[in-house]
Amino acid sequence: MDQQQYPAGSPEPRLEPIGETWATGVGPVKVASRSSRFRWAIAIGVVLCVALVTGAGAFVLSGAGGAAKSLTAGSAPKATIMFADLRTDLPGDQHQKLADFMSHFPGFKDRAQFDNAFDDILNRVTSSISPDLNYTSAFKSWTTGELSIAVTSMGGIDMSNAMMPSALPTGDVVMPSIKTTPESGVVIVSLKDRAAGEAWVTAEVAKTGLTFTAQDYAGTKLYVAQKAATERLTAAYAFTDRVLLLGTADAVKAGLDAPAKGSLADNANYQAATSSLSGDAIASFYVDPQAMIKQEMSSMPAGMAISGMVGVGSMPTWVAGSVRADSDHMTVEIKMPKTAGMPSPGNKESVLASELPGSTVGVLEVHSVGKLVTDGIKTISGSATGASEKDAIKQVQDALTKIGGIDWIGDADLVLTRTGSTYGGGLVVKTPDAAGATGKKIMITNLIALAGGSMGITSADETYKGTTITMVNVPTGGSGPTIKIGIAAKGDLLVAGYGDSFVKALLDTTSSDSLATQSDYKTVMAAVGASNATYGYFNVSAVADQIGQSFTGSAAKYNLDYKPYVDHIGGAAFASIDGNTVTLRLVFTAK
């Protein structure tokens, strides 16, 4: 697209798609200008990050088929421990679906202008780093739109050759010699015009004042920068017919070696990870947790036996994730294989949502809490070896026995409600039956009466629509206000809330006006997965104005710069879904 020209001294440029005007005051993020010897490399990294953040829809707050295969994984070293792949080319259905999603927001209403608007986002960010850097003119012409980062070493402290502290005859202690190891990684840019890319990089390198020495390596030219005595890393870059490699010299060399000696794309863990992800994506990532831990362990002295402490084998062999656009929501998904130490709670749909007030704006629900805790204690008890560990576990078990165990706790919800400008909330627990809920309520209030007297805790009963609510008064000391907690039983539910308003709201709730009937809740839960082991829900639009005004410090500024976009955000939810492959999913909806 043609780039607008702005006269000297004119106001900061603003994105104004044809036929539509952005809200006044929405402009680029200001970044202090500074020179950088590798400003072009920094810009590429920033474009990676911006592509991810923008794709996830965060821009609106600040200004199934198989997934398309990565073009850059074949140039990433096989020993890569972290790999992030960003697709500004929006592969497969992502162009259409991201355009659908963003069309809910100002600046993207005109679908014909989506590509221009998307490019301008990247232009504004790269230009904020350096005024003469522009995404469309500097990068877009010679890249396919896929950019990735492959990390081969996290860096750290290398103690592999260190001796343990020793004492001299004089009594002085000799500490070991310790050195740090630098991090290592490479940015990989997929090419569509190698000659244009080389010309641009050559011109940019000339501006840095650095001296790069060319050498033949793996059938191409490797350019290595002279390293000052104070620098820990040696920078390098190289072009092949497919990619630009830019990073530490060792990582760039490993990337050049990858096609012949094995790449990340050949790694069995990476293949399993990527195959677990379905559909095209704007961004994806891969992590090898076991390799990271082993790398850290290899830097320790041979005499330090920490393998048992770390428990490498109990960690997943891979973790993978993606950011994907759908027409009315964005999805961030993380997957990993289940290991022996992970719980198996199973999945189920919420039965408490139909009991919670329609005024609920936030909820965290965990299913089968009693079973999870009981199974966890059994697992810990079975692995305990020391006397102190066994004694601590027995004390916990004895304490639970005194309150009738914990198996009676089914699903449990932490709830946040909003009525007008007033927030409330509490805890809702499902018990086996109505008699169980009433019995546990009496047991808890009796324990409070017995144990709380010495601390000045008092309680009194009140009746609301035939239900007894026990109000517990907890003094905070000094001149602080007394905290009032209401406790009641409704059917098979045990309820506790701040004050009596939450308890009364729950007692008033029917199946026709509950949280389960609210449109925002139904939409986001359908997207995140209604059947799950754990989920959380937050009604963004219901609380955004109040929270946003607090953060910006000015209602006028918030209403002008942010509200036009926030008004089009619906709900947000996350869910943990049990299975042989564990899934963590986060969803944001637009309206």
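Readers should treat all values here as calculations from the given coordinates under stated rules, not as data from a laboratory. Everything numeric in this text was worked out from a predicted model, so none of it was measured. Don't worry about glycine lacking a Cβ; one is built from the backbone with ideal geometry, like all the others, and counts go over all protein chains shown.
Points to keep in mind about this one:
- For residue 78 and residue 268, the difference between the fully extended length at 0.36 nm per residue and the C-alpha to C-alpha distance is 67.4 nm.
- Exposure proxy order (Cβ contacts within 10 Å, fewest to most) of 120, 492, 241: 241, 492, 120
- For region 414-431, 3J(HN,Hα) computed residue by residue from phi via the Karplus equation (6.51, -1.76, 1.60; θ = phi - 60°) reads 9, 10, 10, 10, 9, 10, x, 9, 9, 9, x, x, x, 10, 10, 10, 8, 10 Hz, glycine and proline entered as x.
- Added length on full extension, which subtracts the Cα-Cα distance from 0.36 nm per residue, residue 375 to residue 447: 23.3 nm
- Alpha carbon centroid spacing (whole Å) that separates region 506-530 from region 74-102: 34
- Calculated over region 193-253, the projected area of the Cα convex hull averaged across directions stands at 4.2 nm².
- Percent of alpha-carbon pairs separated by more than 24 Å within region 304-416: 53
- Distance histogram for region 393-544 (every C-alpha pair counted, 10 angstrom bins, percent rounded to whole numbers): 9, 32, 35, 19, 4, 0
- When Rg and Dmax are taken over the Cα atoms of region 469-543, they come to 16.4, 49 Å.
- Too-long pairs where the Cα-Cα distance tops 22 Å, listed order kept, from 441/465; 490/522; 69/192; 348/402; 69/335: 490/522; 348/402
- Fully extended contour minus Cα-Cα distance, from residue 261 to residue 402, at 0.36 nm per residue: 44.5 nm
- Approximating the spin labels as points 7 Å out from Cα along Cα→Cβ, the residue 385-to-residue 519 distance works out to 6.0 nm.
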